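Read the structure below first, then the notes.
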Amino acid sequence: QFTTYNKSLFHMSQHSTPMIRSHCWHPLPGGLLQERDKRAKWNGIPTLLQKLYESSHPNSDLSHAHSFLKVLSSQLSMEAMSFVTEDRKTAQESTFPNTYTFDLFGGVDVNNWLEFRLTALFLLTVNDDLVKDCLSVLYNCCICTEGVTKSLAARDDFVLFLFTLMTNKKTFLQTATLIEDILGVKKEMIQLEGIPNLSGLVQSFDQQQLANFCRILSVTISEPDVGNDDKHTLLAKNAQQKRNASPSRAEVNQVTLLNIPGFIERLCKLATRKVSEATGANFLQELEDWYTWLDNALVLDALMQMATEEAEQSSTESSDESSLATSPLRHRLPQSMKIVHEIMYKVEVLYVLCVLLMGRQRNQVHKMLAEFRLIPGLNNLFDKLIWRKYTASNHVVHGQNENCDCSPEISFKIQFLRLLQSFSDHHENKYLLLNSQELNELSAISMKANIPEVEALVNTDRSLVCDGKKGLLTRLLAVMKREPPDSSFRFWQARAVESFLRGATSYADQMFLLKRGLLEHILFCIIDSGCTSRDVLQSYFDLLGELMKFNIDAFKRFNKYVNTPEKFQTFLTQINSSLVDSNMLVRCIVLSLDRFENVLYPPVVEVLSECCLLSYMARVENRLSFLFRLINIINVQTLTQENVSCLNTSLVILMLARRKAKLPFYLNALREKEYAEKYPGCLLNNFHNLLRFWQRHYLNKDKDSTCLENSSCIPFSYWKETVSVLLGSDRTSLCAIASYIDEPFMDLDRDLLED
């Protein structure tokens, strides 16, 4: 009761302007306060806060306030350091009594008042240390007490005020650290356009500050993760898009950034600048040990800044070697930190570029990244920094989550691969990943096959492609083939290479990769490596599908590698173990088989008769088995971006059947399967609902429809027409699903779709 009453007296209103708050501390008798302080183990914090408050009034000597603040800062920083080095999951408020007491007695409000006052009086230039200590106190409180962070995040005026402090280079680091923590818990995303003179602020940053600012930007331009699987269904996403027709705050913030002169160019320079090599033999171990201790990357900047200041002070005060040796920070800070420093910068910069590449302004971003030679710059860094030769390439991500990115070097590699994936995906600029010689090789492949060159290849600006003996894609293939079976990098590498092939199928692109042994490597990983990761296997199935689609040479190579019944059975087992993961490969085989069957060219006929994979898919019972399972494993309520491909693969099978006038045969086979499984109407009603959703989803999405057309070489008009035929209400039509559902079982799941 005592502490609650005392806090209520001292707590300043959050709805009043900080500089004119009139509430004041109502002191208790000194003896009573000291006695209670001793019993409750408050460590003198209430008394210090009282003195801090009294010494921060107008016309008071701020040097006294600073002295009190220093003592408080010291007490809180020790707890914050303890919190960073211990496991946060087990940490409780009671573990950090100083921070709890500071907040309990209104210390956060007093601190904010003092900070606001310094700015209002234009004293920042002469009170840098005082402002730093104010920021330090707030940051330490945020680390140990989540309630403080949420309270600060709820005040938009305070958050915007913090951005104004970033103009001061001496307080930039502390301010950026605090802003990052606050934005991390803020319920509503901040609007960058609300920051006073944002363009001037960003342009005033040096490169180091800009890199740190990217940590803050990453929170403001990324769509928030709702954290609920149900919200990730396509049904929920479509409903959300209808409710929010206008651009999201993240999208508005992306546009705001792109309008800042020189912003993208500076990020490209940051991403591609070179760094000095580490000389320590135990660099990786040092790196992991230190990053485990460093909870926040900005803390590393603080360490580097302190080390620099300490070195300058030591050089002026004494040149005694022993005095330098006793310096605790210099004693503990390894030289390899300089490289970690640069790696952390690049992680943040690449993340921002990646998000912008996936946004609505993608084409504008692509044009700028090409112009500022981002890809050639990354290519020059590949061997020296991104995938250095002396780095343990078999380094496996530790922890239970194989996609964990808990070390700087792992984060850097993954972010680099994600950027390549976003850069290449369905965009003509993908050829910038090659060098001039490799582009000539693609042209030669097309000429030898007597097919025209891809227009995007012809239009590629040779002055913007990679330099050196190898392009970025070729370098990536080399490290991909060396990656050990248990490395989680395989997933991201496969995704990056697959994105180069996605879109309209290019024979030259496929042959370029086939000549470098990619197909054999993928088959080894699927069949012989013992890989059990579903994510990695899915990425390899998808890549294999893009690599083999419509390519007779790829099927020849497949048959040469899978040369025993045992290998082929292992391959089929992997496919059948999860159709959600492998259905894109199934689609590729079905489409390729259909094209090859319509060609009378002798080499094609020979492969059709000899290839075990094509022969297997040519049997109608196998295609029907895939069709039944593809429809059975999804429904409207569980459709996501990950499994909607199962619906489209089932549609491909039926479209090809319709071309050959066999659609009634397939629909009747599904009906017979229902009755054999003793669930009449269940499968076909589910498929009917799925197709109704398909119409709502794809007929309003140009990009999705383009992707479907490019990947299947089936005009989208035929997709729409086939769906309409299947959904026909005429029960006399042999091509309508309704004709194969008996009346008692009709519309079994209508209510589910309407819900």
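The values are calculated or read from the model by the stated rules, or taken from the named source; none is laboratory data. Just so it is clear, the structure is predicted and the values come from calculations on it, not from any experiment. Positions of Cβ are backbone-derived with ideal geometry, glycine not excepted, and every protein chain shown enters the neighbour counts. Quick note on the areas: whole protein, heavy atoms, side chains included, nothing else; ligands and nucleic acids left out. Shrake-Rupley method; radii C 1.70, N 1.55, O 1.52, S 1.80 Å.
Could you count how many residues in the range 603-648 are assigned to a helix (DSSP H, G or I) and in contact (Cβ under 8 Å) with a residue 12 or more places away in the chain?
28
Could you grab me the full set of residues in the range 357-385 that are part of a helix (DSSP H, G or I), touching a Ser or Thr at 6+ places or on another chain (Cβ under 9 Å) and open to solvent by 60 Å² or more (accessible area, probe 1.4 Å)?
Listed by number, the list holds a single entry, Asn380.
Report, by residue number, each residue of the range 499-517 that is aliphatic (A, V, I, L, M) and outside any loop (DSSP other than H, G, I, E, B).
Passing the criteria: Leu501, Ala508, Met511, Leu513, Leu514.
If I ask for residues that are open to solvent by 70 Å² or more (accessible area, probe 1.4 Å) and assigned to a helix (DSSP H, G or I), which ones from the range 592-602 would you list?
Arg595, Glu597, Pro602
What's the total number of residues in the range 648-687 that are under 27 Å from Phe716 (Cβ atoms), surrounded by fewer than 21 Cβ atoms within 10 Å (Cβ to Cβ) and small (Gly, Ala, Ser)?
Looking only at that region, the number is 2.
Could you give me the residue pairs with C-beta distances under 9 Å whose first residue belongs to the range 515-533 and is farther than 18 Å from Ser488 by Cα and open to solvent by 60 Å² or more (accessible area, probe 1.4 Å), whose second residue is of a type in the set (D, E, K, R) and at pLDDT 95 or above wherever it lies, and which are 6+ apart or on separate chains?
So the pair list comes out as Lys515/Glu441.
To keep it simple, each residue is scored yes or no on (1) β-branched (Val, Ile, Thr); (2) surrounded by fewer than 16 Cβ atoms within 10 Å (Cβ to Cβ); (3) closer than 30 Å to Cys531 by Cβ; (4) free of Cβ contacts under 8 Å to residues at least 12 places away in the same chain.
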site: Leu433; (1), (2), (3), (4): no, no, yes, no
site: Asn440; (1), (2), (3), (4): no, yes, no, yes
site: Met447; (1), (2), (3), (4): no, yes, no, yes
site: Ile451; (1), (2), (3), (4): yes, yes, no, no
site: Asp461; (1), (2), (3), (4): no, yes, no, no
site: Gly471; (1), (2), (3), (4): no, no, yes, no
site: Leu476; (1), (2), (3), (4): no, no, yes, no
site: Pro485; (1), (2), (3), (4): no, no, yes, no
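Can you pull out every residue in the range 487-508 that is within 23 Å of Phe555 (Cα to Cα), open to solvent by 30 Å² or more (accessible area, probe 1.4 Å) and in contact with a Leu (Cβ under 8 Å, 6 or more places away or on another chain)?
Arg495
Here's a check for you: in the range 154-204, which residue that is open to solvent by less than 50 Å² (accessible area, probe 1.4 Å) and outside any helix (DSSP H, G or I) is farthest from Val252 (Cα to Cα)?
Here the answer is Asn168.
Enumerate the helices (runs of 4 or more DSSP H) found wholly within the range 238-300, keeping only those where 3 or more residues are of a type in the set (A, V, I, L, M) and either within 27 Å of Leu178 (Cα to Cα) or modelled with pLDDT of 95 or more (or both).
Counting at least 3 such residues, we get 249-258, 263-272.
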